Each structure stands twice: as structure tokens, then as C-alpha cells.
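Please read the structure below before turning to the comments.
The values are calculated or read from the model by the stated rules, or taken from the named source; none is laboratory data. Worth saying up front: this structure is predicted, and the values here are computed from it rather than measured. All Cβ positions, glycine included, derive from the backbone under ideal geometry; neighbour counts span all protein chains shown. The accessibility values were calculated without ligands, DNA or RNA, using every heavy atom of the protein model including side chains. Shrake-Rupley method; radii C 1.70, N 1.55, O 1.52, S 1.80 Å.
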Amino acid sequence: MNEAVIAALRTGATLVTASQRLARHLAAAYGAAQQALGAQVWEAPDILPWNQWLERAWQDSFGLLEADTPRLLLNDFQELTLWEEAIRAADNEEPLLQVPAAARSAREGWQLLHAWKLSIPRSRETASEDVGAFARWAKAYGQRCTDGNWLDSARLPDAVGNAITAGRLAPPHALILAGFDEITPQQDELLTAVCAAGVTVMPLAPATQPTRTARVGYDDRRAEIHAAAAWARAALESGQTRIGVVVPDLAAQRAAVVRLFDEALLPAALLAGADVVRPYNVSLGEPLAAWPVIHAALLVLEFGAGSLPVARLGTLLRSPFLAGASSEASARAQFDALLRQAGEETVTISTLLRSMAASLAMPQVAAPRLGAQLRAWRDHIPARSKQFAPSAWSEQFAALLNLSGWPGDGPLDSVSHQAVMAWRELLAAFAAQDVVSERLTYAEALAILRRMAGERVFQPQSPAAPVQVLGLLEASGLDFDSLWVMGLDDESWPPSPRPNPFLPLDLQRTRGLPHASAERELEFARRLTERLAASAANVVFSHPRNAGDETRRASPLLHAFPELLPGDLPAPQPGIASHLFAARTIETLGDELAPALAPGSAVKGGTRLFQYQAACPFRAFASLRLDARAPEEPEPGLDAKARGMLLHAALEALWGTLGSHAALCGRTEESLTNAIGEAVNAALDELARDRSQTLTGRFREIEWQRLTRLLRAWLDEERARAPFRVVAAEQKTTIKLGGLVVEGRMDRVDELDDGTRVILDYKTGETNIKSWQGERPDEPQLPLYAIDMRRRRPVAAALFAQLRAGELGFNGLAVRAGIVPKVKAAGETEGAWQAQLDAWQGTLTALAEAYRTGDARVDPKEFPRTCEHCGLQALCRVYERHPEIVEAENGNADDD
């Protein structure tokens, strides 16, 4: 900032900037200049961004407006609401699917029309359907503004210019402009009116300085960001205080930037619970709805609409932003696990409160404080059909959040406190929707509030930082000691044209509107590149050499700069994880034995014990003895487990009616159809007691039809068998093996005419008898039942009954061929079946003895396949034994 500008500001001149960030930067520079002159206090300079200057000028002229002048200046969301209403009203016969997106583009087109002094296209004079639609919407939108006596941001510069010209607004005695890469015709007209009023208007020329400029390429975007972070650290360590890093696609790269800059500049920020002041600032905030404390508030209000998906409800129950979260943390987490195990995809308020009341008898999951808060909250939720104005809903929402215990009873950190303040401002902005909105139901009001929270960008205030991470346009007018500009490859810079879809393309190109043509983008990119190259004494332009499977080169606009190799710049250093690992002092203990169980111990887990022990001994120990498991994630509708339970119950009821092969063959088609329908209804009724939210209406009808078709086709497979009678269905059995006592449940046991037994296991997926083979069988259930049954009765076969639509049939092993179609004998010799049973006896006894004696080795049968669906990886840390897998997955995540 030069002396002439400082002197002008001291005498009351107004400095208008192209961005909020530049306004803050110049205000800080003015303060530094005053301190350098020895001043201890001084009058704050009048420095503000363009939009704020216009709004202030409008407010200053408000008392002098003529009667027919618009009185209310609309905010952004009020404008979008009016555009949505205009679109819906104009196209009510063929409504659009994405009205909010169309409204945003239409508003942008309206702003371009006024900024570039264009006329609204007439719908009859254009062959473009989109342009014609915009003409209708703009007419309806303009009429609404006229009827309501409202002014929008697109026409605000014209209104301020008219007020100055008419003498209703006194302009500043001097106006300084900073950071404007180009002046639109509308801005030029306003500035002309300011000049005509006798005001001096002068631009603040950006500082120029001799620069050392170079370009460099890196393997990919992650390597590029990592290198920029290392370069910024080196610049900090050299004593520089104004370091800039420009990221063109900052919104998409923000997470990677924060992670890698934390690792390079402040490794402590990566530690859990760290409360640190970062030496860098990322200019782009995140949607207010994405901040945890606000996410919790929206979940509370969403639940007030009636129900929540169980996973989202679990997030709410475990949230630290509800009162009592600390004292009831364990109980709330356990209660979340119980809800997930119930299997319902969604949970209603009444279901939750009933479950919480029932849980009071279980101390480990009882959360009485949360229950009391939710009951008080439930009692104040308005009826869903009631309609109120947005301001009334704003008060209701605030009251409901207070009753629910939000935002908690503990002290909030600085960021969460600022987010809560921003939320309250958002509720006030929502209340201001009264002007443009009709009365709304609870669901409608919440949908609008959620959208507002998703579109409101929140950036917590933080102390001034020496490193600034910026978007391309935010760097306009700023100067630095050193500057790094990344992402400028030949596919991204200059950017591709993005003309507005609702304005005539030829008109946009002829008048040179932003993003209208490749020529316009090239000129803009060239001008911006030149300005950035002059913004610091040291400037580095970088680009990725690869993006996915594509090869990239440096943008042609960088070819004039000398090229560096990555080794010419500071190299990224190993991160905190590498330093911690390198400094490790590890004592290795081979603790792979759990306390042994006494012979004859009754254990839980049923036949899963053998399956888990075969897959990985640690899984059996952790799941069945420690009761460790990953939280369940209910699926939409019925998951595979629920469908299996439904099928089992239907088959149990059906064979309870039929009883035997002879009865099946003797039934008429009508009688058989009725029996199937009754069995399916009984199974659905039983499951509906636990899944009342799922098995309703049309969904139940679809499941009934699916099951009846499946069972009818399956009975044809059963008819083709040799005669049998069903002697047990879903029968519990106690198995004693290897010093353990295990409870099991056999799906079905049939008796053949010779008195031998056939054991069946229903499966809805693909089956393969190879899963019974080896010392670590994948599916040991049927072999276990077979060796247990032979102690009491001779066993003729062990069979999978595969009830898979289109792939029905039996699969298994038998003492001889012909017992069921397509199932062969266990072997060619007469004793092959008994030898197979003996082999299973040995294998399963060994697994039982290993479990009883405490074998808890982390020893997956096939890594990583065995571990994919285990859910205990964080407990057993198996991936630390296979770092090559972790490195490959981390690389893929960074590429994404």
C-alpha cells in the first residue's frame, strides 16, 4: 500500500476491494503502516468489499427513497426462493426434476444480464428451449419483485447509481478500487455516476517486484500438494511471513491439503484431541451442515419429523453435543448397538422411547437422562400437518434443540462455539423467509433449513497466519514473499468454457461474458497467470504429470518460465507416523493363548464356534469369549440374515403341515397352494413382530409373492426325491465334542424308509461341498450335525438345500447314490461314507480342543479374503503384519 493511498484513507477515502480477503489484507497493511509511523491508536480505515459497499450505500439512502422505489433488499436465499417459485409457476405442467439447481443457474444468468447490460431474451425469438424457459422465468421473477417492492443483488448497483445521480445519496469524497481484474459495464456505469458527482476514482495498482519464477511437475496431485507443504515449511523456517499457496480446485482438494499441510507444518495437529493454532489458513470454509455440532442439530430436527435411519440415529445417540453425553457415553453406545442388532432400517420416536424405557432394566444400556430429554422434546413437536410461517418454525426449532439438550452441557471449543453462533444467524436468516415464503409444514420447513445449512459456507475465525492457502480468484490483488500456484496442467489451465445455459450462446460470446468461449478463458488465464507471476519475489508454478490413467503436461501458459526438477525444491519429510515408528522401542510378546476352559464347559456361539475357529482362531476368541463385534449396518428392506430367517420359518410351518413326501405327492395343486400361502403368512407375521417398520403394505405383499413362488418351485425338487418323512424341523440339539458343550439348531432332519436319517441345511446362496473339506472347513455346520447324529441314529446323507431362484437343488454327500437327485455317494467303496464321517469327527474335534485350550492366534486362513468381512481388524491389527496391503490401499485412497 503506497503513501498516497494511506494518506487518502487517513482523510476519509473509501477503498473498495474485489474480495473480503483482500479487504482484510489491506486493512492489516494500513495498520502496519500506522505502527511504522509510531501511531498507537488510529481511526479504522474505510475498507470493504464491493458488495458490502453497495449494501451500505443502499441503507444510507433508504430514508430518502421515493415512494415507488423498492424498499427491501433481498438476501441470497430469498432470491433463490423466488426463482424456484417462478420456475415452478411458469412450468407447472412439465415440472423440472432439479428445480434448486435450475434456480441457481437462472439467478446467475439474471446477474450476468444486468452486469453486462443485456436485454432479457424473448421466448418467441429464440430457438433454444432453455433460453425460452429462462425468459418465462425471468418475467415471472421480475413481476414478483415488482409486486413485493423488492430489490435484488443483480439490480443493486443500478439502484445505488440512480440514487447518486438523483442526489439522494452522498458519495464518498474519494473512491479507491483494488483487486478488480475487470470492470463490468454495470460497474463502469456506477463508477461513471460517482465521477459525475465530483468524486475522484482511482485504482490501487498491485505491487510489482522483481521475481524469480519457475515451473515444476510432480507425479500426481498428492505429490504436488505434499511438495507445496514442504516448500511452505522451508519458507517459514527462513523467516518469511507472507507465504501463499494457490489451489485452483480448492473445494475438491481441501481435505488432502489440510492433511498434508498438518503433517508438514504442525504434526501435532494430527494427534487425537489436539488443540493447536495452525501456522496456515485455508480460505475456503465448509458447509455449515458439515460441522459436527450442526450435524447433530440437524439430526435432532430430522428425527422430529418422525423417524431416522438407524445408522444416523446411532450418530445422534453417540453425539457429544447432547446433554449428558459424558456421563452416559458407554450406555448410549451400547444402546446404539442394540438398535442395530434389531435389524430395522429406520427407528421411529415412539419405538426409540419404548426401547429406552425397556432398557432401564439393563444398567449397561440404560440412559435415563437422554430418555427424559427426548420425552420432553417429543411432547413439544408440533403435529406434522400443521403449517406455520418460517419465523414461527425458527422459534420452534430453537426450542426443540434446547429441549433435546443441544449443544451439550460441556464447554465447546472455539470452532464449535463459532459454529453455534453461525447456526443462530442461520435461524434468523430462515425467519426472514417470511417475506417470500408461504406457510410451511414441519417437513417443508426442515428441508429448507437443511438446504440453507448446506449452502452456507462457514469459515471459523482464526489468528492471522503466515501461510495462506487460497483459491485462484482470492489471490487477486494480494502480494507475498513467496507464492506457489499448483494444478496448472494442460487440461486444466486455461479452463474449459462454461457458458450459462440460459443465455444465448452467440450473445455471450459476442459480448465477451465470463466463461463464454475458449478465447475468453485463454485471455483471462493469461492475464491471471501474469498477475500471479508478479505477486511475489519467488513464484513456483506446478502441475501434475498424471491424473488417474491420463498423462498431463504443463499448461502452455507456463512454457515461458524455466523448468525445475522436484529435487531442486525442498523435499517432503517423513510424516509424524514415520517418525513415531522410527523411534519405537517395541517389546514383542507372543501372547496367543487365552485362558483355557475346563473340560465339559458349555460355550456360546453354537456352530459358529467351529466356523470362526477354522477361519481364524482370534476371531473365535474375540467374538465368542470377548463378545467383540463391529457395529451392524442394517440394509434397506430385509438383509440376507432376515430373509434367511423368513425362509426358515416358512419352511418349518410348511413341513409342519405336509409332514412327509407321501403327503406332498398326494396334495392337489389348490391344496398345496393354500398350504404354501398359510406357511408364508405365518412366517411374515412372526418376523413382523420384530420388523414392524419394514414389513408393511406393499413390501409385505412383494415378499409374500417372492416366497410363495420360491417354495412352490422348491416343492418340485422335493417331489423328485426318494420317499421320506420329516422328523424334525428347526430342532435344537446339544453337541458334546472336544471337551466343549455346544448348542445347535438343525434346519431339518428327514427319515428314509430304511430308518436312516438325512440332515438338511437350507441355503439361499450358492453352495459347494468343498467348504466341508480340509483341516479348516469354511462351512462346518452340516458335518458337525452329521457326526453328532450318528451317535444316535445312522446317517445316510448331509445335504445343502439350495433355495436360490433359478438355481434350486440339493448338494452334498450321501452313503449311496439315489437318495436325492444329482447327489453322489461319498466314495466308490462301501465304507467311504463312514470314513468321511470319521474324518469330519477328527477335524471338528481338533477345532473344539484348540478353542477350549485357548488357541487365539491371529492366523486368518486366507489373507486378506478371510479378513474382509470380519470387522475385528482394528482389534487384531492384522494389517500391521501385512504393511504392503496398507500401503497399496493408502495409495488408492490418495488417488481418489
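Of the set (1) touching a helix residue (DSSP H, G or I) at 6+ places or on another chain (Cβ under 8 Å); (2) open to solvent by 70 Å² or more (accessible area, probe 1.4 Å); (3) of a type in the set (Asp, Glu), all apply to GLU730 but (2). For LEU528, the requirement of being surrounded by 15 or more Cβ atoms within 10 Å (Cβ to Cβ), modelled with pLDDT under 95 and in contact with a helix residue (DSSP H, G or I) (Cβ under 7 Å, 6 or more places away or on another chain) is not met.
GLU425 satisfies every condition listed in (1) surrounded by fewer than 17 Cβ atoms within 10 Å (Cβ to Cβ); (2) under 25 Å from LEU374 (Cβ atoms); (3) at pLDDT 95 or above except (2).
Scanning segment 613-642 for residues that are touching a Cys at 6+ places or on another chain (Cβ under 9 Å) and of a type outside the set (Gly, Ala, Ser) returns CYS616, PHE618, ARG619.
Screening segment 248-288 for residues that are part of a helix (DSSP H, G or I) and at pLDDT below 85 and picking the one that is surrounded by the fewest Cβ atoms within 10 Å (Cβ to Cβ) gives ALA268.
Of all residues assigned to segment 435-445, at least one qualifies as being in a helix (DSSP H, G or I), within 23 Å of PHE303 (Cβ to Cβ) and open to solvent by 60 Å² or more (accessible area, probe 1.4 Å).
Results for (1) at pLDDT 90 or above; (2) among the acidic types (Asp, Glu); (3) touching a Lys or Arg at 6+ places or on another chain (Cβ under 6 Å), shown as yes or no for each residue.
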residue: PHE800; (1), (2), (3): yes, no, yes
residue: GLN836; (1), (2), (3): yes, no, no
residue: ASP859; (1), (2), (3): yes, yes, no
residue: PRO864; (1), (2), (3): no, no, no
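When you scan segment 610-632, do you find a residue that is at pLDDT below 90, open to solvent by less than 40 Å² (accessible area, probe 1.4 Å), charged (D, E, K, R) and under 28 Å from the mean Cα position of the chain (by Cα), even just one? Within segment 610-632, none of the residues are at pLDDT below 90, open to solvent by less than 40 Å² (accessible area, probe 1.4 Å), charged (D, E, K, R) and under 28 Å from the mean Cα position of the chain (by Cα). Consider segment 807-856. How many of its residues are assigned to a helix (DSSP H, G or I), of a type in the set (A, V, I, L, M, F, W, C) and either closer than 28 Å to PRO617 by Cα or without any contact (Cβ under 8 Å) to a residue 12 or more places away in the chain (or both)? Here the count works out to 10.
A count restricted to segment 385-422 and to residues that are open to solvent by less than 50 Å² (accessible area, probe 1.4 Å), aliphatic (A, V, I, L, M) and either in contact (Cβ under 8 Å) with a residue 24 or more places away in the chain or not in a helix (DSSP H, G or I) (or both) stands at 7. Among the conditions (1) assigned to a helix (DSSP H, G or I); (2) surrounded by 19 or more Cβ atoms within 10 Å (Cβ to Cβ); (3) among the acidic types (Asp, Glu), the only one that GLU717 does not satisfy is (2).
Check whether at least one residue in segment 183-190 is of a type in the set (D, E, K, R), surrounded by fewer than 16 Cβ atoms within 10 Å (Cβ to Cβ) and at positive phi, and report yes or no. No, that holds for no residue.
Please specify each residue of segment 240-250 satisfying the condition of being of a type outside the set (D, E, K, R), touching an Asp or Glu at 6+ places or on another chain (Cβ under 9 Å) and farther than 19 Å from GLU263 by Cα.
First, pick out the residues of segment 240-250 that are of a type outside the set (D, E, K, R): 240-241, 243-248, 250.
From what's left, touching an Asp or Glu at 6+ places or on another chain (Cβ under 9 Å): 240-241, 243-244, 246, 250.
Within segment 240-250, GLN240, THR241 qualify.
Condition check: assigned to a helix (DSSP H, G or I), closer than 17 Å to ALA174 by Cα and in contact (Cβ under 8 Å) with a residue 24 or more places away in the chain. Does VAL5 satisfy that? Criteria met by VAL5. Set side by side, the residues PRO501, PRO514, PRO460 differ, and just one is open to solvent by 40 Å² or more (accessible area, probe 1.4 Å), at pLDDT below 95 and over 18 Å from SER391 (Cβ atoms), which is PRO501.
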